[in-house]
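This is the structure I have questions about; it appears just below.
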């Protein structure tokens, strides 16, 4: 009996309120064949696939509503404006923001973090101050703070992780000080899957008057998010990670903070009045949304959130956790394979290496079997350095993945071992 079959028998099925096979029919790309094989898409940490409802929303907008928004008096402009601002309201409800004015549309998580760095950060940071991040951050939550610290003469401090990829809370406690002006931390690691203890991180920071930014790129697609319950000061995520279009994302910020922050781009839409002598700025969130936005992207994001809500975020979290356990047990049966990141609480990310086989070779062979994974450093080079590897293979899950997908992955990895070792 193969190791995959042994694992399947050892891991008992769990009854969950989610029918992945039915859901898959809503995602046309999952019916594609790659190199003659059924597509097994396990690169959801990089980007997710789009359900028909999102594709239809984009088509409907461009076919029947396409117009620039705000200030237009004609029918199409009014329709497009209503749809775009309705999407903002849907996002606010999804995050349980207290006010739609706390939702700023951006291009993605990266832009959301940079917006905070270039406005709040520039305004608040001075020489000798500190910004606190963790060792497991994506480059997007490292580089903007490095640039800001270099400009201001401030210092970047890093909370270490252990060899399981766990956030070391006691070390975080030690690093927090009167010099700390901002904590910026991921909700879930894109390279390890580790879920950070956000509530405790935020509570401790606030006890010292320090605001907290949360990178929710890998959190919002996989677990319920309540920004009021978390009490985070900023939260940002990307539309394309949550089954929506590329080029659109969200920055949530507490309204008093957003109102105190200066704009970071100048142009149309973000102004109240303009003369050659002086410009006054619009209220939030318009103050941070210069120029024509990604209107179709916002509308598509609304459709994606509606789809996620129809499945149920709690259902998604439970289903993916069950699938992660199944996949972890299956991969552990493969001789020479080592999982990188074994924290107790994870989203559906499986990073691994195989003895004497380069991750890029693994990814290439898997592709020949129709299995799409990511091979590389995952924009998290410090994580790779911590574990002493140049790169990993990452299989990242979504609620349309199944145990059959995992079994196919395992069979393909066994073929890797046959070919390469």
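Any idea how far apart residue 259 and residue 33 come out in nm if each label point goes 7 Å out from Cα toward Cβ?
For residue 259 paired with residue 33, the spin-label model returns 6.1 nm.
What is the helix-to-structure angle for 198-207, meaning the angle in degrees between its Cα long axis and the longest Cα principal axis of the chain, kept from 0 to 90 and rounded to the nearest 10?
40 degrees
Once you place label points 7 Å from the Cα toward the Cβ at residue 372 and residue 414, how far apart are they in nm?
Computed distance between label sites residue 372 and residue 414 equals 2.6 nm.
To the nearest 10 degrees, how steep is helix 359-368 against the longest Cα principal axis of the chain, on a 0 to 90 scale?
The angle comes out at about 80 degrees.
Given the C-alpha centroids of segment 379-421 and segment 136-186, what is the distance between them in whole angstrom?
28 Å
If I fit a long axis through the Cα atoms of helix 295-311 and take the longest principal axis of the Cα atoms of the chain, what angle between them do I get, 0 to 90°, rounded to 10?
So the inclination is approximately 50 degrees.
Averaging over all projection directions, find the projected area of the Cα convex hull of the chain and quote it in nm² with one decimal place.
Quarter of the Cα hull surface area: 21.9 nm².
When the expected Rg is taken as 2.2 N^0.38 Å, what fraction or multiple of it is the alpha-carbon Rg of segment 177-312?
1.20
Along its principal axes, what span do the Cα atoms of segment 51-136 show, with the longest given first and each in whole Å?
54, 32, 23
How far apart, in nm, are two points set 7 Å out from the Cα along the Cα-to-Cβ line at residue 344 and at residue 206?
Modelled inter-label distance: 2.4 nm.
How big is segment 302-343 on each of its three principal axes, counting only the C-alpha atoms and giving the largest first in Å?
Projected onto its principal axes, the Cα set of segment 302-343 covers 44, 16, 15 Å.
Rounded to the nearest 500 deg cm²/dmol, what is the calculated helix-only ellipticity per residue at 222 nm for the chain, with -39500 (n - 2.57) per DSSP H run of length n ≥ 4?
Per the formula, -11500 deg cm²/dmol.
Give me the Kirkwood hydrodynamic radius of segment 314-421 in Å, from all C-alpha pairs, to one decimal place?
14.1 Å
Which of rounded, prolate or oblate describes segment 288-372 when judged by the alpha-carbon gyration tensor and an a/c cut-off of 1.5?
Working: a/c = 2.69, a/b = 1.73, b/c = 1.56.
Prolate.
How would you rank 235-245, 376-386, highest first, on the average number of other Cβ atoms within 10 Å across their residues?
Going by the mean number of other Cβ atoms within 10 Å, highest first, we get 235-245, 376-386.
Pull out the extension gain between residue 178 and residue 64, defined as 0.36 nm times the separation in residues minus the alpha carbon to alpha carbon distance; nm, one decimal.
35.5 nm
All of the numbers you see were taken from the coordinates with simple rules; none came from a lab. Treat the numbers as computed from the prediction; the structure is a model and nothing was measured. Heads up, the Cβs are rebuilt from the backbone with ideal geometry, glycines too, and the neighbour counts pull from every protein chain shown.
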